[in-house]
Amino acid sequence: MKRINSIVWGLALIALSAVLILNAFEITSIEIFFDGWWTLFIIVPSLVGLFNGHDKTANIIGLLIGTFLLLSCRNIIDFDIMWKLAVPVIIAVIGIKMIFGGIGRNKRFIKNIEANGDWRNQK
């Protein structure tokens with residue numbers, strides 16, 4: 001997985017440098033610094049972390065925050081509404097993680113009981 005990660009980042013850097021070079025020679029006029037471009041520093045690592053990280057909850061929260069900030073910078077949604085929505089959405093994501101995390105632990109607990117036959121020695 002680390003090799004794929006480095007290949008993806010390498011391709012992204014090559015594409016960025018190609019755009020900068022084409023802009024320097026005035027072959028193209030691609031604007032890479034748009035309103036809210038800095039939110040990509042939150043969105044991209046969170047998106048990559050969804051595919052290779054262990055804690056997906058933090059990556060989902062980072063992706064949601066970055067997306068909300070980008071939409072706010074682009075004047076697609078109002079920042080006040082975004083802030084009012086961000087906290088409940090983050091709380092809901094944490095709640096969903098707790099529900100599914102509990103289900104996963106219960107399945108392991110039941111499998112251990114079936115294998116060992118004694119529920120008192122379970123962690």
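By the gyration tensor of its Cα atoms, with a ≥ b ≥ c the square roots of the eigenvalues, what is the shape of the range 26-103: rounded for a/c under 1.5, prolate for a/b over b/c, or oblate?
Numbers: a/c = 4.85, a/b = 1.60, b/c = 3.02.
Since a/c reaches 1.5 but b/c is at least a/b, the shape of the range 26-103 is classed as oblate.
May I ask you to sort THR57, THR28 by Cβ crowding, counting other Cβ atoms within 10 Å and putting the fewest first?
Fewest-to-most Cβ neighbours within 10 Å comes out as THR28, THR57.
Read-outs: derived from the displayed coordinates by stated rules, not from any lab. Since the structure is predicted, the reported quantities are computational estimates derived from the model, not experimental observations. FYI the Cβ positions are ideal-geometry reconstructions off the backbone, even for glycines, and counts take in every protein chain you see.
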